[in-house]
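One structure is given here, and the rest of the page talks about it.
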Amino acid sequence: MNHRHGNPGNSVALLSYIAMEMYKRVIPDDVIKDGVEFHYLFTGKEAVDQIADISNGIDRNRALMIGRTLESLDVFHGIDGERRFMDAASELYRFTAKTIQLVQDGDTKLATGVFTPQTLCYSPTCTTDRPCYSNCCPKIKRVNMFPFNLYFIQTLYSQSNIQYESLIENQTNKKTSRALWVHSVPKAVIAATPPQEQKRQECIYELIYTEEDFAHDLEYINNYWIKPLTTAGDSIISGSEKREQLVQQIFWNIAEIEKISTALSSALVQRRKEQEVIDMIGDVMMAFVYQFEPYVAYGSHQVIGKHHFELEKRRNTKFAQFVKATERKPQSRRLELNGYLTKPTTRLGRYNLLLREILKHTPQGNPDREIIPQVMNAIANLLERVNEETGRIEQQFTLQQIDERMAFKSTSIFVVNSERELVMQGKMKRKGHGSSEDLQVFLFDHYLVFAKIKTQNHNEHFKISKKVKKKKKE
């Protein structure tokens, strides 16, 4: 047997290797999308760039397939969870809490499996153009996965530049898509509707069905998370008071948002039932937009809710098991709870994107030309408030956490309070004679602090022995 392909070449087929390399190379950043500020995100294009580079410069189509495989294994997910992984600079993703925790624990196996299109064959008769005789040949397996012979199609159309990977992509990623407006009305209606108006109806239809999806997602949170946690007694979270407080902190006022979305969805669906060609939609949105105040309270509390959720997972084995089991249910659609909890904020930001497209195709003289901009302006004001409140509460909460977990050998060196500002924080390693230790660095508006890290009850605590540097007032 010819062993012309060594193991190093095959490492790019190991999903554990690709996932870890991707985590090392992708640099998350803060991004503003649809008026909402998100933290620690990367784009679909950046992810595909890195996957292609990790995999020795493979084409972007195959790198996209690998990315979708990693997404299905919960290595990362989209901020709204509504679309599968895309090779686009406009699509935003973040590493899952599970992935981040594995890295922090020193585990390099962020995913398990082999991406067979990346594997190589050892047979000397196996070439790029023609699979070999072996039943174990990865190319044969790739062909036999489908009900028709893709190799035959590849050979037949090789002169036409049809790529093998594109055919696999079309077969493996077939997904039932939401019916378009043109599929929901009689052909006679379509024939009588001008092309520009058809585009407008498709945009309105998208607003309606995505609101239905959003309402169903909120219903899922209530039925599969809130209700089980509150009715399970001490079997998941011990103590009725603690249980009530934890559920309140994690989910905050999401029940209020569910009521608003359910009512809005019903009103939109009713309009669709009444009119095959919807004349106006702005009046429905205007009737609800001034009820969106709960979005501000919810969005600004998210950082606190996530903290309590992750901390309880680390401290409470039963809760962690419940989370794992629930996220594996088919109803979760392979999206972790954190992905669902960000949906209200992303939905608020998406309204204006959808309304902008409707407005673009709305003719002069239609009442929506005046109403939709008013709705969009009200939503933009809400988004501005969400971002302001989120920044303020996040800063306040972070300072509170530092203050509670910071200890001094002597008397208090300085006071951490809500009036102070944390400019930046991070970890560094201090090397000594033959040893090293991890330090936490805090840059406040008045001090630069280096602290030793000590973990207590699954929380990091910081020990400071002396003042390092005080910033001079200008």
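Computed from the coordinates by the stated procedures, all read-outs in this text should not be read as laboratory data. Remember, predicted model here, so these are calculated numbers, not experimental data. FYI the Cβ positions are ideal-geometry reconstructions off the backbone, even for glycines, and counts take in every protein chain you see.
Based on the Kirkwood radius over alpha-carbon pairs, what is the Stokes-Einstein translational diffusion coefficient of region 186-401 at 37 °C with 0.692 mPa s viscosity, in µm²/s? This corresponds to a translational diffusion coefficient of 171 µm²/s.
Starting from 0.36 nm per residue, how many nanometres of slack lie between Leu311 and Gln291 once their C-alpha separation is accounted for? Please list the in-between numbers first.
Details: separation 20, 0.36 × 20 = 7.20 nm, distance 3.26 nm.
Using 0.36 nm per residue and subtracting the Cα-Cα distance, I get 3.9 nm.
Of the residues Phe251, Gln270, Phe214, the one whose Cα sits farthest towards the positive end of the charge dipole of region 207-330 is Phe251 (charges of +1 on Lys and Arg Cβ, -1 on Asp and Glu Cβ, taken about the Cα centre). Given their separation in residues at 0.36 nm each and the Cα-Cα distance between them, Ala232 and Asp30 gain 68.9 nm when the chain is fully extended. 3J(HN,Hα) couplings calculated from phi for region 104-113 with the Karplus curve 6.51 cos²θ - 1.76 cosθ + 1.60 (θ = phi - 60°) are, in sequence order, 4, 7, x, 8, 8, 8, 7, 8, 10, x Hz; Gly and Pro show x.
List Arg62, Arg334 from most exposed to least, where exposure is judged by having the fewest other Cβ atoms within 10 Å.
Working: Arg62 22, Arg334 15.
With the fewest neighbours first, Arg62, Arg334 line up as Arg334, Arg62.
Once the chain from Ala188 to Glu202 is taken as fully extended at 0.36 nm per residue, the excess over their C-alpha distance is 3.4 nm. For region 379-393, putting each phi into the Karplus relation 6.51 cos²θ - 1.76 cosθ + 1.60 with θ = phi - 60° gives couplings of 5, 4, 5, 5, 4, 4, 5, 4, 5, 5, 5, 4, x, 5, 5 Hz, in residue order, rounded to whole numbers and with x for Gly and Pro.
Residues whose amide H falls under 5 Å from that of Val114, counting only those 5 or more places apart or on a different chain, are Leu15, with hydrogens built in the peptide plane. Proximity of backbone amide H atoms, modeled 1.01 Å from N, is registered between Leu41 and Asp29, Asp30, Val31 at under 5 Å, excluding neighbours fewer than 5 places apart on the same chain. Label zone of Glu389 (point 7 Å out along Cα→Cβ, amide N under 11 Å): in region 346-376 this covers no residue at all.
Cβ crowding within 10 Å ranks Met424, Met65, Met285, Met280 as Met424, Met280, Met65, Met285, fewest other Cβ atoms first.
Phi-derived couplings, Karplus 6.51 cos²θ - 1.76 cosθ + 1.60 at θ = phi - 60°, listed residue by residue for region 340-345: 6, 5, 8, 4, x, 5 Hz, with x used for Gly and Pro.
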